[in-house]
Amino acid sequence: MTDNSSNQMWGGRFAAGPDAIMEAINASIGYDQRMAAQDIAGSRAHAAMLAKAGIITDKDAEAIREGLLTVLSEIENGNFNFSAALEDIHMNVEARLKEIIGEPAGRLHTGRSRNDQVATDFKLWVRDQMDAAIAGIEALMKALLSQAEAGAEWVMPGFTHLQTAQPVTWGHHMMAYVEMLARDRSRFMDARKRMNESPLGAAALAGTSFPIDREMTADALGFDRPAANSLDAVSDRDFALEFLSASTICAVHLSRLSEELVIWSSAQFRFVTLSDRFSTGSSIMPQKKNPDAAELIRAKIGRIFGANTALTIVMKGLPLAYSKDMQEDKEQTFDAADNLMLALAAMEGMVKDMSANTESLEAAAGSGFSTATDLADWLVRALNMPFRDAHHVTGTLVAMAESRGCDLPDLTLEDMQSVHEHITEDVFGVLGVHNSVASRTSYGGTAPSQVRAQVARWKDL
């Protein structure tokens, strides 16, 4: 394959090839070669349709089909010579096809343009990434479900403002991330459904005068239907923006879990032990075990959010239909997809391997007057006290316990009755952390019975 074929691909419009700077800024083959399989799939579907419509002969279509399979094999085996002078994956494939089968290769581009070709390739590639993201999310959800089921009764502190608030169960905390990830999965599934319209056959921007069958190519490529407007079909990158947007939100959730794992695995918390597979040591401090995988996942949000912002800015001022600016749609999308898949896989591994330190969790669950709300609720239920009054009484008792350096269950009945005379011995039944979590039986609550019900619900979906 020679570089002077670039001029032949362009036809007779240009007498001389672009200089080195123009070639460098114009070429995308350095990254869009990742779409080779999608490009060849689109070309095979297009050639089969052209033959069925009588636009090219069956003989030429067969030669094109066999030639494209040869090209794909060369690419997959690492034997393909990609040329920057040929700009992109589409022209590289077509030029090599011509070397293999000769004149019939020139008929492949009948009734299409690089504009609808690249839109089709990119859609197919993004659709594959959406499927991969959905699979990765589901694998992580299963790992979290296993942790939740195992720890449905383990108590731990629930936080607000990173201050101890109320006791919760480990299973309840794990299930919070299952819910987040389920929303992520639904966003990808929803976006996939919306994007699944074929641009192929829209040609440059106005459609084509050839009697093509867009329904046939759409069906062959797994699309639900052809895109209904040729201008929109070639200029739409909403599907990439939605993928990046959903990826950004998913990365936020992964980053939040990473932050908790970093905190929980610290010597100050000791809530979890991360496996050696997802930790590293220090070059100077032999006692250190660093949660590097969690920290790196936490950082991935920057790259993914950056890609989302970058493509939004690229698209915001473009008139219809295609502009060369849109060549900048792929690199950041490729990078974001790579990093999202890596983050999902690493998080799945960490969650599957991590061990909860139940003694540390339980000790922390009872600290910070975490059952104060249970005391206030008991005053309302048992003494028919208005909640605001119960809040005041509880606050007084918390202040008393704090001044004595003890927790609420350590106060005597006489201590409590000195604040409110009608408090009875029954109050101690709600002050333990296990009693506290067991009582939270409202739908979606932290009680072990509720956690198990939610685990079972997700296992059935």
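Evaluate the following for residue 201: is it open to solvent by less than 10 Å² (accessible area, probe 1.4 Å) and in a loop (DSSP other than H, G, I, E, B)? Spelling it out, residue 201 is indeed open to solvent by less than 10 Å² (accessible area, probe 1.4 Å) and in a loop (DSSP other than H, G, I, E, B). Among the residues making up the stretch 113-135, those that are of a type in the set (D, E, K, R) and at pLDDT 95 or above are 116, 121, 123, 127, 128, 131. Among residues of the stretch 395-453 being closer than 15 Å to residue 373 by Cβ and among the charged types (D, E, K, R), the one that is nearest to the chain's Cα centre (by Cα) is 440.
Of all residues in the stretch 429-454, exactly one satisfies the criterion of being assigned to a helix (DSSP H, G or I) and modelled with pLDDT under 85, namely 429. When the stretch 374-409 is filtered for residues that are open to solvent by 50 Å² or more (accessible area, probe 1.4 Å) and under 12 Å from residue 431 (Cβ atoms), only 409 remains. Exactly one residue among 56, 100, 64 is in a loop (DSSP other than H, G, I, E, B), more than 29 Å from residue 325 (Cα to Cα) and in contact with a Ser or Thr (Cβ under 8 Å, 6 or more places away or on another chain), and that residue is 56.
Find the helices (runs of 4 or more DSSP H) located wholly in the stretch 213-312 whose residues include 3 or more that are open to solvent by 40 Å² or more (accessible area, probe 1.4 Å), and list them.
By residue number, 214-220, 238-264.
The combined condition, being β-branched (Val, Ile, Thr), over 30 Å from residue 453 (Cα atoms) and free of Cβ contacts under 8 Å to residues at least 40 places away in the same chain, is not fulfilled by residue 89.
So, of the residues in the stretch 324-359 that are small (Gly, Ala, Ser) and touching a helix residue (DSSP H, G or I) at 6+ places or on another chain (Cβ under 9 Å), which turns out to be nearest to residue 272 (Cα to Cα)? If we take residues in the stretch 324-359 being small (Gly, Ala, Ser) and touching a helix residue (DSSP H, G or I) at 6+ places or on another chain (Cβ under 9 Å), then 356 is nearest to residue 272 (Cα to Cα).
Tallying residues that are out of contact with any Asp or Glu (no Cβ under 9 Å at 6 or more places or on another chain) and open to solvent by less than 10 Å² (accessible area, probe 1.4 Å) within the stretch 96-110 yields 1.
The C-beta contact set for the stretch 295-313 (first residue among the basic types (Lys, Arg), second residue open to solvent by 40 Å² or more (accessible area, probe 1.4 Å) and assigned to a helix (DSSP H, G or I), distance under 7 angstrom, 6+ apart or interchain) comprises 298/259; 303/335.
Answer yes if at least one residue in the stretch 332-342 is of a type outside the set (A, V, I, L, M, F, W, C), open to solvent by 40 Å² or more (accessible area, probe 1.4 Å) and within 28 Å of residue 29 (Cα to Cα), and no otherwise. Among the residues of the stretch 332-342, at least one is of a type outside the set (A, V, I, L, M, F, W, C), open to solvent by 40 Å² or more (accessible area, probe 1.4 Å) and within 28 Å of residue 29 (Cα to Cα), which makes the answer yes. The requirement of being of a type outside the set (A, V, I, L, M, F, W, C) and touching a Phe, Trp or Tyr at 6+ places or on another chain (Cβ under 9 Å) is satisfied by residue 196. None of 80, 14 is open to solvent by less than 60 Å² (accessible area, probe 1.4 Å) and either in a loop (DSSP other than H, G, I, E, B) or modelled with pLDDT of 90 or more (or both) except 80.
Scanning the stretch 130-164 for residues that are closer than 19 Å to residue 361 by Cα and open to solvent by 30 Å² or more (accessible area, probe 1.4 Å) turns up 146, 149, 150, 153, 154, 159, 160, 161, 162, 163, 164.
The values are calculated or read from the model by the stated rules, or taken from the named source; none is laboratory data. Predicted model, so just to flag it, every value in this text is computed and none were measured. Virtual Cβ from ideal backbone geometry, glycine too; neighbours counted across all protein chains shown. For accessibility, only protein heavy atoms count, side chains too; no ligands or nucleic acids. Shrake-Rupley method; radii C 1.70, N 1.55, O 1.52, S 1.80 Å.
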